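The values are calculated or read from the model by the stated rules, or taken from the named source; none is laboratory data. As the structure is a prediction and not an experimental result, all values here were calculated from the model. Backbone-built Cβ (ideal geometry, glycine too); neighbour counts: all protein chains shown.
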């Protein structure tokens, strides 16, 4: 028996399906891969007092041979600089440290919040959800400025601490690592709570009853049932926080002091103060490489889970 | 009746509900209910949705606490015992299998909570998987199983701890009809083999009648009638039970005479000879007759005369609707033992309905 040829409508529909499938790839190609290749190219160039401020530049009008000539001038000098000057290494390590610590604190605060939301009565959940999202209605920048107000010497925090007689002398908060951590945890909490809530809310409550029925007390059921089932949400929340915190610029710049130089600030300085686009690009490429590792690990675990489990 | 095993309801009860009540925001889900369940019994709680049967089961499992009354297991009050310390296991309607654990670890979960040695756990899990015909499925995750397999895993998990009472909450609701019938018989065999006490909650009367030794019919949080399937079907003590279980003709009337052999009732359909009852002449009563207990014959004769106004052909049975000369319409079910063409009764034909007096019950409530 021969396979009947697809009808015109069928072929049209297949074309439509392929277009829909390729649209996100085209988007990524245009707005992620192409810009990245440009940045990569700049990172291999040298600074110059020119417009744009680096050499070589590609001139497509001069033909392919000039393109190859230009590529011969590429060098890894900027990357060598990143490795030799401890300033960069320290910024990277500081960023990793801040991002890791902040993500851990966010998980510790976010999990109970999300758990409470998911276990709240159905009529309360929309209101709680709005409360979590509400800060987004105000500009992020204004909220960070508000923290400056709270954390300054005569700010609300110190007034409260003095009034409650917890301290005698107002401690310094602004321009410290603590202020940066407070700002980051405050700003990113919704990104931890929402994916956790989405996972916990979906969880079938009868699973906990089944655990209890089989002889498992509540606290133990949390470790044996709730936590393993919340893992996808925990992973998503941690990635959603860790990745942007690593490149965070505004919060350490406004709340932090000179001892907290995160990689986002280094990048900003290279780009805008030193006008050294090639080094700034090199910093970016290394940062991206740092981020690709946890994402790849996450993707691997997702694939493994969908193959072997849920 | 189900398995043919005789259960003596007067034996020492394994489970006893004593005046148990439970209400949610002022609405009584279970209302001052008392019930004894005997060791080794397959007991079914049957009723429409919202009648409180699931609440009763959940109180026995420990997920709900009674507002008043006591629940005794083996003579011990367990009302205050948390679910994880009760020697009772439940099979959930949703199965509630742990999605992150494979079949073997799902079944082993309860044994691990007891802190048994690993070798014993493995042996008992394997034994249970074999009993449930699930060998070779131990490494699968629940989502890789069919609905029937998931159901057997849930059953294995709730049986592996050898509970004093196994609670089954609508265990077959998610299965298709054919699989449901097979599973009903499997449950009965299993109970007999393990000698355990099963309590099943169901809204499916056919299922309850098939599997249970005794059933309790519930409505509005109260037990309306408790008895063997045959008692409930043949001797319902109220119009509600007669109507809820199976199909029935209910005819309102007044007692003309009541003797030790029979009760004579005057009704709009005509005078009805019914089974003996504790009624006196003049009482307002209802006569309940099952459609299959009525005999239909063409032409005239002794009995209620009427006309066939509708015929429903169901294959094994035919349903006739007969309008009696007095007015009321009665349902008659006839087994189709002969071929369709040989059947003498057609639409709009004059017929006579007869019955054995003993099969017409006199109900006063």
Q: Hey, can you tell me all the residues within region B:247-261 that are surrounded by fewer than 18 Cβ atoms within 10 Å (Cβ to Cβ) and touching a helix residue (DSSP H, G or I) at 6+ places or on another chain (Cβ under 9 Å)?
A: B:247, B:250, B:261
Q. What number of residues within region A:176-228 satisfy the criterion of being in contact (Cβ under 8 Å) with a residue 24 or more places away in the chain and at the interface with another protein chain (Cβ under 9 Å from one of its Cβ atoms)?
A. 0
Q) Does residue A:58 qualify as being surrounded by fewer than 15 Cβ atoms within 10 Å (Cβ to Cβ), farther than 28 Å from residue A:244 by Cα and without any contact (Cβ under 8 Å) to a residue 24 or more places away in the chain? A) yes
Q: Select, from A:237, A:233, the only residue that is surrounded by 16 or more Cβ atoms within 10 Å (Cβ to Cβ), within 14 Å of another protein chain (Cβ to nearest Cβ) and under 30 Å from residue B:100 (Cβ atoms).
A: A:233
Q | Single match in A:251, A:245, A:293 (criterion: closer than 24 Å to residue A:102 by Cβ, assigned to a helix (DSSP H, G or I) and modelled with pLDDT under 90) | A | A:293
Q: Residues being farther than 14 Å from residue B:159 by Cα and part of a helix (DSSP H, G or I): count how many of those fall in region B:113-122.
A: 5
(Q) Can you say whether residue B:19 is more than 20 Å from residue A:212 (Cα to Cα) and either within 13 Å of another protein chain (Cβ to nearest Cβ) or outside any strand (DSSP E or B) (or both), as far as the supplied structure shows? (A) no
Q. Among the residues of region B:79-112, which ones are in a helix (DSSP H, G or I), touching a helix residue (DSSP H, G or I) at 6+ places or on another chain (Cβ under 6 Å) and either more than 12 Å from residue A:214 (Cβ to Cβ) or within 8 Å of chain A (Cβ to nearest Cβ) (or both)?
A. B:83, B:84, B:103, B:104
Q. Taking strands (runs of 3 or more DSSP E) that fall entirely within region B:25-78, which contain at least 3 residues that are crowded, with 19+ Cβ neighbours inside 10 Å?
A. B:27-38, B:42-46
